[in-house]
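Here is the structure we will look at.
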Amino acid sequence: MHSASTEGLTVILPYSEKIVGNPQTGVIHGGALTSLMDTACGMSTLCVLAEFEVCPTLDLRIDYMHAAEPHKDVYGFAQCYRVTTDVIFARGFAYQDDPEQPIAHVVGTFMRMGKAIKGTKGFGGAIAGGAQ
């Protein structure tokens, strides 16, 4: 976590050889960037909810603008721009040195599961509508 407020949050994906997609160029794999932005958008729900709720991803769209530069960390900023009783809408972008030069843009929707579901024992049964 780099920073967080009611306006959104920024998370960091530290550069590592373990997340490189092409060893010859050192460019970070697109899947690592997707995970970063899904995490950033999902965590941004915590910035707008009064109490913690489990909010799994319903849909995520990423538009890649250009490859990340090798050997540099990537930052992911996300914010929620609409909250309904059932769905939270988030958007954001990934960047390295300059937020005005994004690597990718993202939009996503997240289902509100309610305050009663905490992701603990019985979580799977609650989602499936089964007994705990």
Practice item. Name the single residue, out of those in the range 12-25 being assigned to a helix (DSSP H, G or I) and of a type outside the set (Lys, Arg), that is surrounded by the most Cβ atoms within 10 Å (Cβ to Cβ). Key: Ile19
Review point. Can you find even one residue in the range 15-23 that is over 20 Å from Gln101 (Cα atoms) and β-branched (Val, Ile, Thr)?
Key: yes
Point to revise | Residues located in the range 1-20, provided they are more than 16 Å from Arg82 (Cα to Cα) and modelled with pLDDT of 90 or more | key: Thr10, Val11, Ile12, Leu13, Pro14, Tyr15, Ser16, Glu17, Lys18, Ile19, Val20
Check your understanding: Which one is nearest to Val20 (Cα to Cα), of the residues in the range 69-87 that are open to solvent by less than 40 Å² (accessible area, probe 1.4 Å) and either acidic (Asp, Glu) or touching a helix residue (DSSP H, G or I) at 6+ places or on another chain (Cβ under 8 Å) (or both)?
Key -> Val74
Review point. Residues in the range 29-43: is at least one surrounded by fewer than 19 Cβ atoms within 10 Å (Cβ to Cβ) and touching a Cys at 6+ places or on another chain (Cβ under 9 Å)?
Key: no
Exercise for review: Name the one entry in His2, His66 that is in contact (Cβ under 8 Å) with a residue 40 or more places away in the chain and either open to solvent by 50 Å² or more (accessible area, probe 1.4 Å) or within 13 Å of the chain's Cα centre (by Cα) (or both).
Suggested key: His2
Review point. Can Leu9 be described as in a strand (DSSP E or B), among the aliphatic types (A, V, I, L, M) and open to solvent by 90 Å² or more (accessible area, probe 1.4 Å)?
Key: no
Review point. Out of Ala90, Ala94, which single residue is open to solvent by less than 20 Å² (accessible area, probe 1.4 Å), closer than 28 Å to Gly21 by Cα and either out of contact with any Ser or Thr (no Cβ under 9 Å at 6 or more places or on another chain) or free of Cβ contacts under 8 Å to residues at least 12 places away in the same chain (or both)?
Key: Ala94
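The values are calculated or read from the model by the stated rules, or taken from the named source; none is laboratory data. Just so you know, these numbers come straight off a predicted model, no measurement behind them. FYI the Cβ positions are ideal-geometry reconstructions off the backbone, even for glycines, and counts take in every protein chain you see. Protein only, heavy atoms only, side chains kept; ligands, DNA and RNA dropped before computing areas. Shrake-Rupley method; radii C 1.70, N 1.55, O 1.52, S 1.80 Å.
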